[in-house]
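The values are calculated or read from the model by the stated rules, or taken from the named source; none is laboratory data. Remember, predicted model here, so these are calculated numbers, not experimental data. Positions of Cβ are backbone-derived with ideal geometry, glycine not excepted, and every protein chain shown enters the neighbour counts.
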Amino acid sequence: MSSPPRTRPSTVALTAIAIGALVLGAVVVAIVAGVNVIKYGENFVTGLYPPAAVTEQGQAVRDLYTIVFLIAVAVFFVVEGLILWSVIRYHRKPGDDSLPPQTHGNNIAEAVWTIVPTIIVAFLFIISWQTLNVVDATSAQPQTYVRAEAGQFQWTFVYLNDHGDVLYTQYAPSGKDGGLNVPVGRTIQIQLTSHDVIHAFYVPQFLFKRDVVPGRTNKFQFNVEQAMAGQTFRGQCAELCGIKHYDMTFDVHAMSGADFDAWLAAEIAANPPAPSPGASSSPAASPSASTAP
Amino acid sequence: MATTTLHPVATAYKRSTLYDWVTTTDHKKIGIMYVINSFVFFFIGGILALVVRSELAMPGLQFLTSATYNEFFTMHATFMIFLFVIPMLAGFGNYVVPLQIGAPDMAFPRINALSLWMLPLAGILLLSGFVTGGTAAAGWTSYAPLSEDYPLSSPGAGQDLWIVALILIGTSSILGAINFIVTIFKMRAPGMTLFRMPIMVWTVLTTSVLVLMATPVITSALIMLFIDRNYGGSFFDPRNGGDPILYQNIFWFYSHPAVYVMILPAMGMISEILPVFSRKPLFGYKAFVFATAAIGALGFSVWAHHMFTTGAVYLPFFSLMTFLIAIPTGVKMFNWIFTMWRGKLTFSTPMIFAVGFLSMFLLGGINGAFSASVPVDFALHDTYFVVAHIHYVLFGGSVFGIMAGFYYWFPKMTGRMLNETLGKVQFVLMFIGFNMTFFPMHELGLAGMPRRIADYAATAGWNDLNLIATVGGFLIAASMLPLLWNIFVSLRSGKPAGDDPWEANTLEWATSSPPPPYNFDHLPEIRSERPLFDLRHGPASDH
Amino acid sequence: MTTESQSLTTTPVQHDPLENYGHDRRGGISNPILGMLLFITSEVMFFAGLFAAYFNTRASAAIWPPEQFAHTLQVWPSLVLPATILLIISSFTCQIAVWSIRRGDRVRFIRAMAITVVLGITFLVLQATDYWLLGHDGLTLSSGTFGTTYYTLTGFHGAHVFGGVIMLSVVLYRGMAGQFSAKHHDAVEAASLYWHFVDVVWILLFTILYIIPGKG
């Protein structure tokens, strides 16, 4: 069915042009007013990315995220494009009361948009599973063990040796003299225990969190990248745990291996360890918590 | 004013007294009261959200204590889910389904009335917490042990009131589901086979099956929590050998299908509106039905994707099933788009909201795929990214769908047309406000802002986006003003609608607006899913 | 072909919209009975949640039942076995009542239904007595996970028996008032379906709680 020749642009096209002009005008005004439009544009795109990863596992997640993100953007543009195209192109001309072709469906089309998404999600599932195996991998011999104890509303970090004996307990969850100190380049195992309700150990720059469930000890491992020595990362409880949930933050301080060993040895010398609940009650023999890399 | 040869002999008789409305068993009046009740709680939930957003606009606790803040976001979600979206869709179903299948009422009209009146009662129970020492404050998910008895939770009966209210609402839903299933299976007009039912009826049927099977499970979880809190029980209390993860499993076994309860009828409404305003049939009707059934079935197999970070879940299975659900959802999206394709589209307000639905729900589906990938979910779970996802599907999806359905069926319910200009103003304000509020939340979550926090550090870098989100929230609130004004003005002096103002396809348009109490005097031949279209154009035209 | 919007030019067929209202002339299951079956489905899911809690709790316990309560689960001598037998018999008498009214035999229907109600009440009395004895033994809702799950499961079953007894009593009363006939007795069918459901749940519960051996 041929459509009658257009004598003037439709209202939809006019509206689209008007909106485009407005947006363009706003951008021009912003540039003239001194707003750094390019920086905002860049920030917008990077804002749709998680922070740069500081652990090996986090880097694997970020690489996975890139693939998921690109597929998401592609799907969005294709489907949204179809929507916008339909809305603009198939707008009814005023005065046209005839019926369009009454297409009921098309089995081939149904097959295509069933099979293609199936392939896409199968691909996403497989690469996610592969990355999960990296993130959740547990090596038989971690080099540093820490028990992160969560309670309403504070974190306590208990450094253990490989037998589970307590070496040193850090009661201050953040600050220069507090927080979780970790050596770079080594495999660190965190054990999570809760005194009361469910909390969650979350460090955005690890691209990782794990729940802390009372009655259960979750464990996970990570390796901080060598180049991160000397940096501090924010951590925060990520499971609603009561009225000061918003304030249950902690710091993670990355140190070189040598600095970490020295620090731990000094703390153990200054504070002979007392057994804390959940640890074995045998007194710690020697402060040989970590083997040097 | 246009009438048809199907216009009934006797239209609604004038007996609309308060007593009539309170005691009615007429599905149309009950449906309207469901809608009104749901709007009231939409506004209450919305005000709670505005308060939450106002507190979060800038770092620092400005005017709420964190205890009150926790109550407010808990009740915001509770009202929105259980007293707005779910009953609003049930209300539209109540009004529309018997009309669309050519039935005079629902199968059990008195139980229908009972289902309705349980809702304001539950709402009052929930609200009473605000004036009796505090409402529930453990999130709408109320995870144990935080929701267990004091001192793990706050003192006071707020959580108990919440449990009782939800059990009431669940019972109302289950009774409604029984009503819908029996009505749809047993009371269709002659000629209306299952595959000639409107898609709206199919989605309500599927939703009802989900409600029937899933809601009792959360009832059991709520009862167990109540026993833990009040009778020294130990279901979920780790101090006595109980298991908090058990609560999560039972809770999500319902609450995941619940999200399909919250979206499927809205999808049904969109599936009615797009064909009418494209002047072509729905593309791929049968594929639609199968996709709806697939979503319903698959919806029972994904619940633990809410629990990926607990360390207590078999991750690959739930991740796979979650990815799979994207497929029937995508089928629907394409079928909707190709309904419009090569059609002749008119953009009355229902159609504008329907197209808005398509775009916004698309984003909600896409950002859901991020969470389906387990390692990505480890980064994004319990952050504002999830808040963005939730609201893109529930607001961008369900609310836009509800608005489309409201503008579409308001003429049938009241006999008056809503004003188109005010409708478009509402859409523009709501669309801009909605995206302004929730798009930044993707970035906030990716940057590391957790959910359910009353305050955040000024140095975290989250200030600007939170402020933008709050401004957007107030824009959404502003968009309610043209809606309310539109309703007020149109009820009094809106253009008379006539039987079939939209030139639509389904049976509800084959009677007066509003319909007489018994719905129909005559029914047309039913030989396809568009009986009115067939009547208008004759069965031989091009299908 | 004219497409003038608002006038439907073909004559509508005169179907009476009310022709299937009340009783679906196409036959098949009646509305109230379908409604009851759906309701029973929802009740099955409710018990499924409770059973899931039971199985999960039992699986994570080292010893089940705890030693000090092991004796509470003995099948005999106890009140539980006779209560079980009576409940099973009541399902038979209930079904006899249904068969009777299907034949139009009101006398046998009333007799069988009355016996069913009495058996149901007896079950409740035995259950209540058992609770009293257990309470004296020290088993309460707050006796750890065992006490909590035991009382919750059996208690909600008992509540459903109570509801069933009410339903059957109403049916008995209406039957005595002559409201049922061979052709019209939907309420009897529906109530009997519910009663059988209650019985099946008890058989499952009895087996899972009492018969299946403990661990540890």
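Being more than 14 Å from every other protein chain (Cβ to nearest Cβ) and buried (at least 18 other Cβ atoms within 10 Å of the Cβ) is the filter; apply it to segment B:128-157 and report the residue that is farthest from the chain's Cα centre (by Cα).
B:ALA157
Looking at the structure I just gave you, is B:ILE86 out of contact with any strand residue (DSSP E or B) (no Cβ under 8 Å at 6 or more places or on another chain), more than 30 Å from B:ARG530 (Cβ to Cβ) and of a type in the set (Val, Ile, Thr)?
no
Can you tell me which residue within segment A:223-255, out of those that are in contact with a Gly (Cβ under 8 Å, 6 or more places away or on another chain) and not in a strand (DSSP E or B), is farthest from the other protein chains (Cβ to nearest Cβ)? Before you say what the answer is, go through the steps one by one.
From segment A:223-255, those in contact with a Gly (Cβ under 8 Å, 6 or more places away or on another chain) are A:223-226, A:232, A:234, A:236, A:240, A:249-255; that's our starting set.
Applying the additional criterion that residues be not in a strand (DSSP E or B) yields A:225-226, A:240.
Working: A:GLU225: 17, A:GLN226: 22, A:LEU240: 4 Å.
Selected residue: A:GLN226.
Which is over 30 Å from A:ILE190 (Cα atoms), of a type in the set (A, V, I, L, M) and at the interface with chain B (Cβ under 10 Å from one of its Cβ atoms), of A:ILE71, A:ILE31?
A:ILE71
Quick test for you: out of B:GLY311, B:GLY330, B:GLY296, pick the one residue that is among the small types (Gly, Ala, Ser) and farther than 23 Å from B:MET200 by Cα.
Details: B:GLY330 fails: farther than 23 Å from B:MET200 by Cα; B:GLY296 fails: farther than 23 Å from B:MET200 by Cα.
So the residue among B:GLY311, B:GLY330, B:GLY296 that is among the small types (Gly, Ala, Ser) and farther than 23 Å from B:MET200 by Cα is B:GLY311.
Which of the residues that make up segment A:79-105 are more than 7 Å from chain B (Cβ to nearest Cβ) and in a helix (DSSP H, G or I)?
A:GLY81, A:LEU84, A:TRP85, A:ILE88, A:ARG89
Return yes when C:PHE55 is assigned to a helix (DSSP H, G or I), surrounded by fewer than 18 Cβ atoms within 10 Å (Cβ to Cβ) and within 14 Å of another protein chain (Cβ to nearest Cβ) and no when it is not.
For C:PHE55, the condition - assigned to a helix (DSSP H, G or I), surrounded by fewer than 18 Cβ atoms within 10 Å (Cβ to Cβ) and within 14 Å of another protein chain (Cβ to nearest Cβ) - is met.
Would you point out the residue of segment A:130-158, among those that are in contact with a His (Cβ under 7 Å, 6 or more places away or on another chain) and among the small types (Gly, Ala, Ser), that is surrounded by the most Cβ atoms within 10 Å (Cβ to Cβ)?
A:ALA150
Out of (1) of a type outside the set (Phe, Trp, Tyr); (2) in contact with a strand residue (DSSP E or B) (Cβ under 7 Å, 6 or more places away or on another chain); (3) within 9 Å of another protein chain (Cβ to nearest Cβ), what's the single condition that is false for B:PRO496?
(3)
Across segment B:321-337, what is the number of residues that are more than 7 Å from chain A (Cβ to nearest Cβ) and either in contact with a Pro (Cβ under 7 Å, 6 or more places away or on another chain) or in contact (Cβ under 8 Å) with a residue 40 or more places away in the chain (or both)?
Of segment B:321-337, the ones more than 7 Å from chain A (Cβ to nearest Cβ) are B:321-322, B:325, B:328-329, B:332, B:335-336.
Remaining after also requiring either in contact with a Pro (Cβ under 7 Å, 6 or more places away or on another chain) or in contact (Cβ under 8 Å) with a residue 40 or more places away in the chain (or both): B:322, B:332, B:335-336.
Of the residues in that region, 4 qualify.
What tally of residues in segment B:243-302 results from selecting those that are out of contact with any Gly (no Cβ under 8 Å at 6 or more places or on another chain) and without any contact (Cβ under 8 Å) to a residue 40 or more places away in the chain?
Number of matching residues: 6.
Being touching a His at 6+ places or on another chain (Cβ under 6 Å) and either closer than 30 Å to B:LEU222 by Cβ or more than 10 Å from every other protein chain (Cβ to nearest Cβ) (or both) is the filter here; which residues of segment B:249-287 pass it?
Answer for segment B:249-287, where residues must be touching a His at 6+ places or on another chain (Cβ under 6 Å) and either closer than 30 Å to B:LEU222 by Cβ or more than 10 Å from every other protein chain (Cβ to nearest Cβ) (or both): just B:TRP252.
All but one of (1) modelled with pLDDT under 95; (2) of a type outside the set (Asp, Glu); (3) buried (at least 17 other Cβ atoms within 10 Å of the Cβ) hold for B:LEU56; which doesn't?
Checking B:LEU56 against (1) modelled with pLDDT under 95; (2) of a type outside the set (Asp, Glu); (3) buried (at least 17 other Cβ atoms within 10 Å of the Cβ), the one that fails is (1).
Considering only segment B:486-543, how many residues are small (Gly, Ala, Ser) and assigned to a helix (DSSP H, G or I)?
Summing the residues that are small (Gly, Ala, Ser) and assigned to a helix (DSSP H, G or I) in segment B:486-543 gives 3.
Does segment B:196-209 contain at least one residue that is in contact (Cβ under 8 Å) with a residue 24 or more places away in the chain and part of a loop (DSSP other than H, G, I, E, B)?
yes
Which one of these does A:LEU124 not meet: (1) farther than 30 Å from A:TYR168 by Cβ; (2) free of Cβ contacts under 8 Å to residues at least 40 places away in the same chain?
Only one criterion in (1) farther than 30 Å from A:TYR168 by Cβ; (2) free of Cβ contacts under 8 Å to residues at least 40 places away in the same chain is unmet by A:LEU124, namely (2).
Out of the residues in segment B:226-248 meeting the condition of being surrounded by fewer than 24 Cβ atoms within 10 Å (Cβ to Cβ) and facing chain C (nearest Cβ under 7 Å), tell me which one is farthest from C:TYR151 (Cα to Cα).
B:LEU246
Filter segment C:118-132 down to the residues that are among the aromatic types (Phe, Trp, Tyr) and touching a helix residue (DSSP H, G or I) at 6+ places or on another chain (Cβ under 9 Å), then identify the one that is surrounded by the most Cβ atoms within 10 Å (Cβ to Cβ).
Of segment C:118-132, the ones among the aromatic types (Phe, Trp, Tyr) are C:123, C:131-132.
Next, from what is left, pick out any that are touching a helix residue (DSSP H, G or I) at 6+ places or on another chain (Cβ under 9 Å): C:123, C:131.
Working: C:PHE123: 27, C:TYR131: 18.
Ranking the candidates gives C:PHE123 first.
Can you go through A:ILE115, A:ILE127, A:ILE119 and tell me which one is more than 7 Å from every other protein chain (Cβ to nearest Cβ), loosely packed, with under 13 Cβ neighbours inside 10 Å, out of contact with any Gly (no Cβ under 9 Å at 6 or more places or on another chain) and under 30 Å from A:GLU56 (Cα atoms)? First the steps, then the outcome.
Working: A:ILE115 fails: under 30 Å from A:GLU56 (Cα atoms); A:ILE127 fails: loosely packed, with under 13 Cβ neighbours inside 10 Å.
That would be A:ILE119, the only listed residue that is more than 7 Å from every other protein chain (Cβ to nearest Cβ), loosely packed, with under 13 Cβ neighbours inside 10 Å, out of contact with any Gly (no Cβ under 9 Å at 6 or more places or on another chain) and under 30 Å from A:GLU56 (Cα atoms).
Filter segment B:232-265 down to residues that are part of a helix (DSSP H, G or I) and among the aromatic types (Phe, Trp, Tyr) and give me whichever is farthest from B:MET307 (Cα to Cα).
The extreme case among them is B:TYR260.
May I ask you to say which residue of B:LEU446, B:LEU484, B:LEU422, B:LEU475 is without any contact (Cβ under 8 Å) to a residue 24 or more places away in the chain, out of contact with any Lys or Arg (no Cβ under 6 Å at 6 or more places or on another chain) and on the phi < 0 side of the Ramachandran plot?
Step by step, each of B:LEU446, B:LEU484, B:LEU422, B:LEU475 is checked, and only B:LEU484 is without any contact (Cβ under 8 Å) to a residue 24 or more places away in the chain, out of contact with any Lys or Arg (no Cβ under 6 Å at 6 or more places or on another chain) and on the phi < 0 side of the Ramachandran plot.
For segment A:72-100, what are the residues that are out of contact with any Gly (no Cβ under 9 Å at 6 or more places or on another chain), farther than 30 Å from A:TYR49 by Cα and either buried (at least 17 other Cβ atoms within 10 Å of the Cβ) or not charged (D, E, K, R) (or both)?
Matches in segment A:72-100: A:VAL87, A:ILE88, A:HIS91, A:PRO94, A:GLY95, A:SER98, A:LEU99.
Among the helices (runs of 4 or more DSSP H) confined wholly to segment B:353-468, which include 2 or more residues that are buried (at least 24 other Cβ atoms within 10 Å of the Cβ) and within 14 Å of chain A (Cβ to nearest Cβ)? First the steps, then the outcome.
Details: elements: B:374-380, B:384-393, B:400-414, B:420-447.
Output list reads B:374-380, B:384-393, B:420-447.
Looking only at segment B:59-79, count how many residues are more than 14 Å from chain A (Cβ to nearest Cβ) and over 21 Å from B:GLY134 (Cβ atoms).
Of the residues in segment B:59-79, 0 are more than 14 Å from chain A (Cβ to nearest Cβ) and over 21 Å from B:GLY134 (Cβ atoms).
Can you run down the residue pairs with Cβ atoms below 6 Å, 6 or more apart or on separate chains, where the first is in segment B:402-417 and at positive phi and the partner is polar (S, T, N, Q) and not in a helix (DSSP H, G or I)?
Sorted first by the residue in segment B:402-417, then by its partner, the pairs are B:GLY415/B:SER513.
Would you be able to say whether some residue in segment B:484-503 is aliphatic (A, V, I, L, M), within 22 Å of B:MET269 (Cα to Cα) and more than 26 Å from the chain's Cα centre (by Cα)? Let's see the steps before the verdict.
So in segment B:484-503, the residues aliphatic (A, V, I, L, M) come out as B:484, B:487, B:489, B:491, B:497.
From what's left, within 22 Å of B:MET269 (Cα to Cα): B:484, B:487, B:497.
Filter again for more than 26 Å from the chain's Cα centre (by Cα), leaving B:497.
Yes; the residues of segment B:484-503 include at least one that is aliphatic (A, V, I, L, M), within 22 Å of B:MET269 (Cα to Cα) and more than 26 Å from the chain's Cα centre (by Cα).
From the list A:ILE119, A:ILE108, which one is part of a helix (DSSP H, G or I), out of contact with any helix residue (DSSP H, G or I) (no Cβ under 8 Å at 6 or more places or on another chain) and under 29 Å from B:SER528 (Cβ atoms)?
That would be A:ILE108, the only listed residue that is part of a helix (DSSP H, G or I), out of contact with any helix residue (DSSP H, G or I) (no Cβ under 8 Å at 6 or more places or on another chain) and under 29 Å from B:SER528 (Cβ atoms).
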